Amino acid sequence: MEFALTEEQQLIIQTTRDFVVNELYPHEAEVEESGVLRPELRDAIKAKAIEAGLYAANMPAEVGGAGLDTLTWLLYERELGRANYALHWTCVARPSNILMACTGEQREKYLLPAVRGERSDCMAMTEPGVGSDVRGMKTNARRDGEYFIINGTKHFISHADEADFVILYAATGEEETPRGKKKLITAFIIDKGTPGYTIRPGYKNVSHRGYHNSILEFSDCRVHQSQILGELHQGFEVANDWLGATRLQVAATCLGRAERALEHAKQWAVDRQQFGQQIGKFQGVSFKLADMAMELKAAELLTFEAAWKFDQKLATDMDMAMAKLKATEMLAFVADEAIQIHGGMGLMSDLPLERIWRDARVERIWEGTSEIQRHIISRAMLRPLGG
Amino acid sequence: MRRILVGIKRVVDYSVRVRVKPDGTGVALDGVKMSINPFDEIALEEALRMKERGEADEVVAMSIGPEEAQQQLRTALAMGADRAILVKSDTAVEPLTAAQVFTAIARAEDARLVLVGKQAIDDDANQTGQMLAALWGRPQATFASKVEVLGEVLRVTREVDAGLETLEIDLPAVVTVDLRLNEPRYVKLPDIMKAKKKPLDVKSFADYGVEPTERLKVTLYVAPATRSKGIMVKSVAELVDVLKKKGLA
Ligand SMILES: Cc1cc2nc3c(=O)[nH]c(=O)nc-3n(C[C@H](O)[C@H](O)[C@H](O)COP(=O)(O)OP(=O)(O)OC[C@H]3O[C@@H](n4cnc5c(N)ncnc54)[C@H](O)[C@@H]3O)c2cc1C
């Protein structure tokens, strides 16, 4: 197995890091303090990101993306993940890969403008009544000739306030299976402004200032069947085919933030003196650093191995689950220890640590909770044994 | 072919806190991040802008250094240089040797303009550009903060102690660039992938008829003395008081 990075990968890391440090870091304090990413600021940074070819770099080259393999894409995600989420996700957006399922006119209307940065997407699965158990969703789409009538409520939907359209998951029927009834799910693309589709402000939350979640309400919302993404009743299949590595994307952004927290902690350990010496000379501090570095590396290896396997078409659900689980829990640990090493200063907003610590919290919940990832890992082990 | 040559030196990244080796023979380089000398990056940016404005046809990045300097040349290619030349050297290159190699390349490539950084941030010699102009027998303008191409003439604004000085020099010429000339671009992601296909020739000193001789001998590297801790004063009055006591006000 080859672990060395290629020259291109090193260059991509470098240029993404430069962008993050020069264009995103300087605005973090403003976004964190105000809780708002000003549209003018967003547009200015976005224009630079497009110019640098960083915007939508997750997408294949044939639709205008950078055409990176999964490992290289994650190296880029790791660098972006260092910065405030609202800044990197909005200004250097990565449109959902699921848009690659667009066909015919959908490509011109949604996919290509999303890659060019002219339109932006959001994705709605979760409902007040269904989170981890997505297939239990109540939101439904009833056929009416060439149209579908959609009713239901989604919540926690990231970026829906800014997005020009939503990729909505709704139940379109039921089928009998040996294990009972199973809902059939279909993905629809719905434009903002479609009658019957209302976006309400979501909840205030502890993580990711400057970014918002929303509540989406569908009340007899009529959409033409041409708005189906993929095939009817094949919503999860479309997601499986294209969404693929989003859990690895979460893992990679966690690696970047953990690395940044560790950098601060290392520096503080040599700069801060107590009892007449650098605090890093105390075993109580230095052993923390050793554990943080080791955990970070372990998460990195799991993530990058899964990425490599993904490209070889060898990645299993368990590989992805392990990477996501380890990286998100590692970040929580590293962020917490970095604060501990800083003492009181670690909690002050002058340093990025308190927000890395706050932001870390959501990572163990979205894209599948830690429990769900453990469930996936354990099922993969036990099922072959008849468990 | 209006060709611009740009010198690209591999140096320790500006953000690295260098450590002197315990035996004083140099600074520790293992595992240290290396980059293009920042002034050379500015030189390259200027060359690329000239090409984009139609004032040049080809931009060639050239470096003298170890095998690994290919990384910096790849970066230059990804930024937009058309091709690159690495002259391999496994030992430190003195300014005169660099100037001899660059002169030979300038002649072999029939260069119209050679752009180099005013100095490299490792040894801060600030000599290569000047020596190159002398050896090549062409005009030079150093510490450029603005460069305009006026046909066969280059108008260069220089940063000098007294302010700004503007020179007009005939092409072909050598220009060494200063910090304020421009702000280098980000390497574009798609261009990184394309850079791999651009030619990078690896050459030897012999290919350019240069025999590197050691004229300079470094006797010792020492870290600068650590500055003693400052004191905090509570008011302007107290500050003036302290300065007076030290005989500074
Ligand atoms: C900030 C934020 C942004 C989000 N953005 C989006 C978005 O853009 N689009 C979208 O569709 N969704 C989004 N989500 C929703 C997110 O994916 C869900 O929160 C997540 O799937 C968990 O669902 P839940 O919150 O309803 O928790 P629940 O599923 O109710 O889980 C509650 C607890 O029960 C545990 N649990 C549930 N089932 C099992 C089981 N089988 N075994 C063991 N434990 C179990 C969970 O691990 C958890 O600890 C977002 C969430 C947040 C917090």
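Can you find even one residue in the stretch B:115-127 that is under 22 Å from B:A81 (Cβ atoms), surrounded by 18 or more Cβ atoms within 10 Å (Cβ to Cβ) and within 14 Å of chain A (Cβ to nearest Cβ)? Step through it out loud before you land on a result.
Just the residues of the stretch B:115-127 that are under 22 Å from B:A81 (Cβ atoms), to begin with: B:115-122.
With the extra rule that they be surrounded by 18 or more Cβ atoms within 10 Å (Cβ to Cβ), the set shrinks to B:115-120.
Restricting the remaining residues to those that are within 14 Å of chain A (Cβ to nearest Cβ) gives none.
No, because not a single residue in the stretch B:115-127 is under 22 Å from B:A81 (Cβ atoms), surrounded by 18 or more Cβ atoms within 10 Å (Cβ to Cβ) and within 14 Å of chain A (Cβ to nearest Cβ).
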Next item on the list: Mind listing whichever residues of the stretch A:20-62 are in a helix (DSSP H, G or I), within 14 Å of another protein chain (Cβ to nearest Cβ) and aliphatic (A, V, I, L, M)?
Entry: A:V20, A:V21, A:L24, A:I45, A:A47, A:A49, A:I50, A:A61
Check: Tell me, which residue of the stretch A:64-88 that is farther than 23 Å from A:A315 by Cβ and away from every other protein chain (no Cβ under 12 Å) is surrounded by the most Cβ atoms within 10 Å (Cβ to Cβ)?
Finding: A:N84
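Does B:T166 fit the bill of being within 23 Å of the chain's Cα centre (by Cα), polar (S, T, N, Q) and farther than 30 Å from A:F19 by Cα? So that I can check it myself, show each step before the final result.
Working: within 23 Å of the chain's Cα centre (by Cα): yes; polar (S, T, N, Q): yes; farther than 30 Å from A:F19 by Cα: yes.
It is true that B:T166 is within 23 Å of the chain's Cα centre (by Cα), polar (S, T, N, Q) and farther than 30 Å from A:F19 by Cα.
Name the residue that is nearest to the other protein chains (Cβ to nearest Cβ), counting only residues in the stretch A:107-128 that are within 16 Å of the ligand (Cβ to nearest atom) and in contact with a Lys or Arg (Cβ under 6 Å, 6 or more places away or on another chain).
If we filter the stretch A:107-128 for residues that are within 16 Å of the ligand (Cβ to nearest atom), which is where we start, we get A:114, A:120-128.
Keeping just the survivors that are in contact with a Lys or Arg (Cβ under 6 Å, 6 or more places away or on another chain) gives A:124, A:127.
Working: A:A124: 29, A:E127: 37 Å.
Among them, the one singled out is A:A124.
May I ask you to say which residue of A:G104, A:G35 is under 20 Å from the mean Cα position of the chain (by Cα) and more than 30 Å from A:A323 (Cα to Cα)?
Numbers: A:G104 fails: under 20 Å from the mean Cα position of the chain (by Cα).
So the residue among A:G104, A:G35 that is under 20 Å from the mean Cα position of the chain (by Cα) and more than 30 Å from A:A323 (Cα to Cα) is A:G35.
Only one residue in B:A106, B:A141, B:A111, B:A99 is without any contact (Cβ under 8 Å) to a residue 40 or more places away in the chain and closer than 27 Å to B:R53 by Cα. Which one? Walk me through how you get there before you give the answer.
Numbers: B:A106 fails: without any contact (Cβ under 8 Å) to a residue 40 or more places away in the chain; B:A111 fails: without any contact (Cβ under 8 Å) to a residue 40 or more places away in the chain; B:A99 fails: closer than 27 Å to B:R53 by Cα.
Only one candidate passes the filter, namely B:A141.
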Next item on the list: Might you let me know whether the stretch B:170-189 holds any residue that is touching a strand residue (DSSP E or B) at 6+ places or on another chain (Cβ under 8 Å), farther than 20 Å from B:M131 by Cβ and within 14 Å of chain A (Cβ to nearest Cβ)?
Entry: no
Note to self: Checking A:C91 against (1) under 24 Å from B:E183 (Cβ atoms); (2) at the interface with chain B (Cβ under 10 Å from one of its Cβ atoms); (3) modelled with pLDDT of 95 or more, only one condition comes out false. Which one?
What the structure shows: (2)
Check: When B:K146 is evaluated against the numbered criteria (1) part of a helix (DSSP H, G or I); (2) more than 14 Å from chain A (Cβ to nearest Cβ), which criterion, by number, is the only one it fails?
Finding: (1)
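Looking at A:R379, A:R364, can you tell me which residue is over 29 Å from A:R209 (Cα atoms) and free of Cβ contacts under 8 Å to residues at least 60 places away in the same chain? Give the derivation first.
Details: A:R364 fails: over 29 Å from A:R209 (Cα atoms).
None of the others qualify; the one that does is A:R379.
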Check: When you look at B:R74, is it surrounded by fewer than 18 Cβ atoms within 10 Å (Cβ to Cβ) and assigned to a helix (DSSP H, G or I), yes or no?
Finding: no
Next item on the list: Scan (1) over 22 Å from the mean Cα position of the chain (by Cα); (2) modelled with pLDDT of 95 or more; (3) of a type in the set (G, A, S) for the single condition A:G81 breaks and write down its number.
Entry: (1)
Checklist line | Selection count, the stretch A:201-232, where residues are in contact with a helix residue (DSSP H, G or I) (Cβ under 9 Å, 6 or more places away or on another chain) and closer than 28 Å to A:R257 by Cβ | finding: 8
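Run down A:R247, A:R222, A:R272 and say which single residue is over 19 Å from the mean Cα position of the chain (by Cα) and over 30 Å from B:K229 (Cα atoms).
Within the list A:R247, A:R222, A:R272, the selection yields A:R222.
Could you check how many residues of the stretch A:339-371 are within 12 Å of the ligand (Cβ to nearest atom), in contact with a helix residue (DSSP H, G or I) (Cβ under 8 Å, 6 or more places away or on another chain) and outside any loop (DSSP other than H, G, I, E, B)? Even if it seems obvious, please write down each step before you answer.
Residues of the stretch A:339-371 that are within 12 Å of the ligand (Cβ to nearest atom), as a first pass: A:358-359, A:361-371.
Checking which are in contact with a helix residue (DSSP H, G or I) (Cβ under 8 Å, 6 or more places away or on another chain) leaves us with A:359, A:361, A:363-364, A:366-368, A:370.
From what's left, outside any loop (DSSP other than H, G, I, E, B): A:359, A:361, A:363, A:370.
The number of residues fulfilling the criteria is 4.
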Note to self: Which condition from (1) in contact (Cβ under 8 Å) with a residue 24 or more places away in the chain; (2) over 18 Å from B:P184 (Cα atoms) is the one that B:G54 breaks?
What the structure shows: (1)
Check: Before we move on, is B:T213 β-branched (V, I, T) and touching a residue at least 40 places away in the same chain (Cβ under 8 Å)?
Finding: yes
Next item on the list: Starting from residues that are without any contact (Cβ under 8 Å) to a residue 40 or more places away in the chain and outside any loop (DSSP other than H, G, I, E, B), keep the ones in the stretch B:174-203 and report whichever is surrounded by the most Cβ atoms within 10 Å (Cβ to Cβ).
Entry: B:L189
Next item on the list: With the checklist (1) part of a loop (DSSP other than H, G, I, E, B); (2) of a type in the set (K, R); (3) closer than 19 Å to A:A251 by Cβ in hand, flag the one item A:R78 doesn't pass.
Entry: (1)
Checklist line | Failed item, numbered, when A:A321 is tested on (1) assigned to a helix (DSSP H, G or I); (2) small (G, A, S); (3) over 15 Å from the mean Cα position of the chain (by Cα) | finding: (3)
Next item on the list: Go through (1) more than 15 Å from the ligand (Cβ to nearest atom); (2) part of a helix (DSSP H, G or I); (3) surrounded by 16 or more Cβ atoms within 10 Å (Cβ to Cβ); (4) not polar (S, T, N, Q) and name the single condition A:A315 misses.
Entry: (2)
Margin query: Suppose we keep only residues that are more than 11 Å from the ligand (Cβ to nearest atom) and among the aromatic types (F, W, Y) within the stretch A:202-238. Which one would you say is nearest to the other protein chains (Cβ to nearest Cβ)?
Written below: A:F236
Notebook entry, point to check: Do we have A:I167 as surrounded by 19 or more Cβ atoms within 10 Å (Cβ to Cβ) and more than 12 Å from the ligand (Cβ to nearest atom) here?
Noted result: no
Check: Does A:Q14 qualify as being among the polar types (S, T, N, Q), over 24 Å from B:Y186 (Cα atoms) and in a helix (DSSP H, G or I)?
Finding: no
Item checked: Flag for B:D40 being more than 27 Å from B:R215 (Cβ to Cβ), away from chain A (no Cβ under 14 Å) and in contact (Cβ under 8 Å) with a residue 60 or more places away in the chain -> no
Notebook entry, point to check: Which of (1) surrounded by 17 or more Cβ atoms within 10 Å (Cβ to Cβ); (2) more than 12 Å from the ligand (Cβ to nearest atom); (3) within 19 Å of A:V130 (Cα to Cα) does A:K154 not meet, given it meets every other one?
Noted result: (2)
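The values are calculated or read from the model by the stated rules, or taken from the named source; none is laboratory data. Here the structure is a predicted model, which is why all the values come from computation and not from measurement. Neighbour counts run over all protein chains shown; Cβ positions are idealised from the backbone, glycine included.
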